[in-house]
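I have placed the structure first, in the form of structure tokens, so that the comments after it can refer back to it.
The values are calculated or read from the model by the stated rules, or taken from the named source; none is laboratory data. None of these values were measured; they are calculated from a predicted model. Neighbour counts run over all protein chains shown; Cβ positions are idealised from the backbone, glycine included. Surface areas here come from the heavy atoms of the whole protein model, side chains and all, with no ligands, DNA or RNA. Shrake-Rupley method; radii C 1.70, N 1.55, O 1.52, S 1.80 Å.
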Amino acid sequence: MKYIKFTITLVITLTIFYSLNNKLGSLPPLGKFLNPSHGVWQNELTESQNNRNVSLQYLSDKVIVKYDDNLIPHIFANNDLDLYRAQGFVTAQHRLWQMEFQTHAAAGRLSEIIGEPALSYDRSERRRGMVYGAEQQLKSWENDTVNLAFIDAYTDGINQYIHGLTSQNYPVEYKLLDYAPEKWSRKKTALLMMYMTKMLAGGDSDLEYTNFLKKYGKERFDLLYPDFFDINDPVIPKETDWSNFLNVEQTSAPNTKTVLDYTKETISKPHPDNGSNNWAISPNKSYSGNAILANDPHLGLNLPSIWFAIQLSSPNQNTYGVSLPGSPGVVIGFNEKIAWGMTNATRDVIDWYKIKFEDSTQSRYQYDNDFKMATKRIEKIAIRDKKTFIDTVTYTHHGPVTYDSNFKGNSDKIGYAMGWTGHLGGQNLRTLLELNTSQNYEDYKNAIKHYVAPAQNVIFASNEGDIALWIQGKFPNKWEGQGKFLLDGSNPKHDWQGYIPQHHNAHTKNPNRGFVSSANQHPVDSTYPYYVFNDGYETYRNRVINDFFRSKDTFNIQDFKNLHNNNFNLQASELLPIMIPVIEESNLLSDEKDILSKIKSWKYNNDINEVGPTIWQTWFDKLTEITWDEISQDTIALEYPFKYQTIYMMKEYPNDKFMDIMATPEIETAHDLFIKSFKYTVTIMKDIENNNGNLNWGDRKATYVGHLLQGLPAFSKFNIPIGGYSGIVNATSQNHGPSWRMIVEMSSPPKALGIYPGGQSGNPGSKYYDNLISDWASGNYLELNFMKDQKDDADIIFSQILNPQND
Amino acid sequence: MTRLVSNFAITLILVYVLSFFLPWWSLMLVAFTTGWLIPLGKFTQFFIPFLSVTLLWMLQAYALSSANDFILSKKIATLLMLDGQISLLIFITGLIGGLSAGISGTLGYQCRTLFHKK
């Protein structure tokens, strides 16, 4: 009897132990997770004085870190190596989980953490050559020993932090998913660069365009997807004179046929709204006579935030701005002499090549009337609780064969290889680190030269009164039309024949109009001597911004704030006056009359308390959907024309054959579509009003900032009251928008404002995790405390001293 | 009575001290040992270590989270689908510790009866 009882108890004990020590489904291991001494209760902590002083190896001198009242660290070191080592340590202290997770995502390693559901994602990352691209970057860095030493110091700082951790101090996400941080490396920093490159230059529509071309022909294509819209207010002012570009040679077009293939499914693309605004005014346009610069990069709204604000001070630099956790230096910011910012240049830097293999072993492919050897890269994808998945990716001289019979393709002898500037390596970090220490326009111009991808509109202002904007990246010098559609991988003339020389990248310095700006619009007008095709250029934010700066003589800081928070919906203002008269009021029911009168009285501002934007957006989205039913209902992959062109078609070609709804017997025109989509909108408005009690835009849009881990609701922030939308200067849509707003006046010393939708701490248990969101939503800014030296103690809540370790 | 009190107190103190050096399951070792060395009655052999560790973990959890205005516990209580109820999260935390201790105490006691022929 005793033995039976004992055995039963033993089994129960072991079962309890096992089930509390292991993950069960999506539940964390509850014993580990909930015990007060090591579990999640240990993360119930707001950063404070308790972060005691520490000793770090390899420091040559004491480093002082002062935290201000928003937990922004101000690091004071006596040399740059100490500075970057400290930056690595301090960043890891606040953002370790995020740093590692983002680089795991870039490396196609999420299956290791999340399990099999991430496998398809991981495969596409490997097959687009993310790890290969990171390795190419590492190779380029090796020639630049100065900056490599900084990267290594930064890496070591992170690793010293990780080394000092015990499992009870792991960030909460590690405990939730039951895994442990691994060592940081140069390669992880390179992977972070790839993460950004994919985010900003990882999209293209070549295969969709090829499908369209094959199905509808060139004339239709050119009408719906033009190289230039009928209006153009480019990044580089139209009046720019290109005649000093001597010996420019755009590659001449070969007389070859377009490869016409149908593709059913393409790999996932970055968010189409990934973009930004920046602008700077020259002293004569400034209220104070100092140049003023502003920037707001529009990215996915995530927690922990993509940005980490920091001040970096050493005898060589005093720089303030936002950094990317995982990369040394400041990415967007200012120092005593200059300020700089970035928006995405949105250029076509991905081209697809059709590869014809000799046989299904994929060891050789046709090229130049011969065969060329391919190489293979074995991608081992570890999967949590499952066997490792092995994917073999064939590499050609164009790049990795992303699509083949193993992945989204259907023939083992045909593949599509990806040519991408993201695979070219390059010294982007050198550019960023040199910008940190730049003192004037010449320094800036030299710093940006090394930058390859993702191409950026790098804006500049200095305390000497210069303003400038360079569109910097490495751009293939393409022949007219090259890379718009699928290319022939066997034809040497379809290879990229060379690159636009860096000094011929479009740029402007101190233009007559007194301001420079960019908002992801067309970089240039058609007089620029190289081929640039329309890869989804913005046509609304840029016009609002430029019109604003043309509207008066001088501008002050409040003007800058107002522009950041400008909710004017130019798109609606250009189409609604045409749509509304089409709706005949006499034929309407009372509900319909009510909605019509509401939209009529709207002044085109996407403010949170307006109902106009709710009506407009539903109306326009439905209108787009029924206009392009030919596209959305096709079984091959196609893409809607850009919004500007959609509206252009409705205005200029209301009887175009695409206006017809295929599913109905009658032939519709744009006017019929206005009416149909209006009636639909009225029913939706009734539903919304019944469910929410109002039609307010803020409630309808329901902006949220989602936790990086699949938007874990418990760690996210919902229903943030902020206006705007995609295509509006305040480009805040539901989960996307201004990820950092910065305004810098180049006085001596500079005065700067900044805010981002998050908080400095990566710990959901800290009050600094999301404390900046409400100020961001209200259009407020932090006055950035640009400390002159470490003795300046205003707003400082505590200090941390990093001592050199004596051993 | 003294046995009850000493089992309770010694379990509590040892679990607390060992938690600084060993993972969470050290409490199972402690309860097993005290169950063996300080034998109690049939039900109390489960109940006393259960009570001891439940109380300890709940107190610790409360102390840690109240010091930070329950910012994280509120989120964890949402994450674990406890409807954001912090008190429920603290209670479950205690229950998990208590259950592991109670069953280990019982096992320790039963082990003793196997080896110590009365």
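Being away from chain B (no Cβ under 14 Å), in a helix (DSSP H, G or I) and touching a strand residue (DSSP E or B) at 6+ places or on another chain (Cβ under 7 Å), is that true of even one residue in the range A:113-122? Yes, because at least one residue in the range A:113-122 is away from chain B (no Cβ under 14 Å), in a helix (DSSP H, G or I) and touching a strand residue (DSSP E or B) at 6+ places or on another chain (Cβ under 7 Å).
Can we say residue A:178 is touching a residue at least 12 places away in the same chain (Cβ under 8 Å) and open to solvent by 30 Å² or more (accessible area, probe 1.4 Å)? It is true that residue A:178 is touching a residue at least 12 places away in the same chain (Cβ under 8 Å) and open to solvent by 30 Å² or more (accessible area, probe 1.4 Å). From the list A:332, A:390, A:310, the one residue that fits, being at pLDDT 95 or above, within 30 Å of residue A:531 (Cα to Cα) and among the β-branched types (Val, Ile, Thr), is A:332. Can you work out which of the residues in the range A:53-70 that are open to solvent by less than 30 Å² (accessible area, probe 1.4 Å) and of a type in the set (A, V, I, L, M, F, W, C) is nearest to residue A:163 (Cα to Cα)? Among those residues, the one meeting the criterion is A:56. Candidates are the residues of the range A:584-606 that are at pLDDT 95 or above and of a type in the set (A, V, I, L, M); the one that is nearest to residue A:681 (Cα to Cα) is A:595. Considering (1) of a type outside the set (Ser, Thr, Tyr); (2) open to solvent by 40 Å² or more (accessible area, probe 1.4 Å); (3) within 34 Å of the chain's Cα centre (by Cα), the lone condition that residue A:672 does not fulfil carries the number (3). Scanning the range A:1-17 for residues being farther than 22 Å from residue B:96 by Cα and within 7 Å of chain B (Cβ to nearest Cβ) gives a total of 2. When you go through (1) in a helix (DSSP H, G or I); (2) aliphatic (A, V, I, L, M); (3) open to solvent by 20 Å² or more (accessible area, probe 1.4 Å) one by one for residue B:81, which number turns out not to apply? Going through the list (1) in a helix (DSSP H, G or I); (2) aliphatic (A, V, I, L, M); (3) open to solvent by 20 Å² or more (accessible area, probe 1.4 Å), residue B:81 breaks only (1). Any residue at all in the range A:499-517 that's among the aromatic types (Phe, Trp, Tyr) and surrounded by fewer than 18 Cβ atoms within 10 Å (Cβ to Cβ)? Within the range A:499-517, one or more residues are among the aromatic types (Phe, Trp, Tyr) and surrounded by fewer than 18 Cβ atoms within 10 Å (Cβ to Cβ). Can you find even one residue in the range A:274-289 that is over 27 Å from residue A:540 (Cα atoms) and not basic (Lys, Arg)? For the range A:274-289, residues over 27 Å from residue A:540 (Cα atoms) and not basic (Lys, Arg): present. The set of residues in the range B:84-102 that are within 10 Å of chain A (Cβ to nearest Cβ), under 20 Å from residue B:63 (Cα atoms) and either open to solvent by less than 10 Å² (accessible area, probe 1.4 Å) or not in a helix (DSSP H, G or I) (or both) comprises B:84, B:89, B:93, B:94, B:97.
Every listed requirement among (1) more than 12 Å from chain B (Cβ to nearest Cβ); (2) under 30 Å from residue B:80 (Cβ atoms); (3) part of a loop (DSSP other than H, G, I, E, B) is met by residue A:704 save one, (3). Note on the range A:182-214: residues that are assigned to a loop (DSSP other than H, G, I, E, B), open to solvent by 20 Å² or more (accessible area, probe 1.4 Å) and within 30 Å of residue A:85 (Cα to Cα) amount to 3.
Among the conditions (1) more than 27 Å from residue A:751 (Cα to Cα); (2) over 26 Å from the mean Cα position of the chain (by Cα); (3) in a loop (DSSP other than H, G, I, E, B), the only one that residue A:531 does not satisfy is (2). For the range A:422-444, a residue qualifies if it is open to solvent by 40 Å² or more (accessible area, probe 1.4 Å), in contact (Cβ under 8 Å) with a residue 12 or more places away in the chain and farther than 29 Å from residue A:204 by Cα, and the qualifying residues are A:434, A:437, A:439, A:440, A:443. Here residue A:561 fulfils each of the conditions (1) within 26 Å of the chain's Cα centre (by Cα); (2) crowded, with 19+ Cβ neighbours inside 10 Å; (3) under 17 Å from residue A:341 (Cβ atoms) apart from (2). Restricting attention to the range A:735-766, the residues being touching a Ser or Thr at 6+ places or on another chain (Cβ under 6 Å) and either modelled with pLDDT under 95 or among the hydroxyl-bearing types (Ser, Thr, Tyr) (or both) number 2. All conditions but one from (1) farther than 28 Å from residue A:712 by Cβ; (2) surrounded by 20 or more Cβ atoms within 10 Å (Cβ to Cβ); (3) more than 8 Å from every other protein chain (Cβ to nearest Cβ) apply to residue B:14; the one that does not is (2). If I go through the range B:66-79 residue by residue, how many of them are free of Cβ contacts under 8 Å to residues at least 12 places away in the same chain and within 8 Å of chain A (Cβ to nearest Cβ)? Qualifying residue count for the region: 8.
Filtered by the rule that a residue be part of a helix (DSSP H, G or I), among the aliphatic types (A, V, I, L, M) and more than 8 Å from chain A (Cβ to nearest Cβ), the range B:28-55 gives B:29, B:30, B:31, B:37, B:48, B:51, B:53, B:55. Of the residues in the range A:713-721, none is of a type in the set (Lys, Arg) and crowded, with 24+ Cβ neighbours inside 10 Å. With the structure loaded, tell me whether residue A:26 is within 14 Å of chain B (Cβ to nearest Cβ), open to solvent by 30 Å² or more (accessible area, probe 1.4 Å) and at pLDDT below 95 or whether it fails that test. In short, yes. Put simply, of A:610, A:666 the only residue that is of a type in the set (D, E, K, R), farther than 27 Å from residue A:722 by Cα and not in a helix (DSSP H, G or I) is A:666.
With respect to (1) out of contact with any His (no Cβ under 9 Å at 6 or more places or on another chain); (2) outside any helix (DSSP H, G or I), the lone exception for residue A:689 is condition (2).
If only residues of the range A:390-414 that are assigned to a strand (DSSP E or B) and polar (S, T, N, Q) are counted, the one that is surrounded by the most Cβ atoms within 10 Å (Cβ to Cβ) is A:402. Would you confirm whether any residue within the range A:71-87 is part of a helix (DSSP H, G or I), surrounded by fewer than 24 Cβ atoms within 10 Å (Cβ to Cβ) and among the hydrophobic types (A, V, I, L, M, F, W, C)? Within the range A:71-87 (the criterion being part of a helix (DSSP H, G or I), surrounded by fewer than 24 Cβ atoms within 10 Å (Cβ to Cβ) and among the hydrophobic types (A, V, I, L, M, F, W, C)), the answer is yes, since at least one residue qualifies.
Take the conditions (1) free of Cβ contacts under 8 Å to residues at least 24 places away in the same chain; (2) within 28 Å of the chain's Cα centre (by Cα); residue A:145 misses just one of them, which is (2).
A single entry from A:44, A:100 fulfils the requirement of being surrounded by 21 or more Cβ atoms within 10 Å (Cβ to Cβ) and within 14 Å of chain B (Cβ to nearest Cβ): A:44. The residue that is least open to solvent (accessible area, probe 1.4 Å), counting only those in the range A:215-260 that are among the hydroxyl-bearing types (Ser, Thr, Tyr) and without any contact (Cβ under 8 Å) to a residue 24 or more places away in the chain, is A:216. Taking residue A:290, is it over 30 Å from residue A:552 (Cα atoms) and open to solvent by 30 Å² or more (accessible area, probe 1.4 Å)? No, not satisfied.
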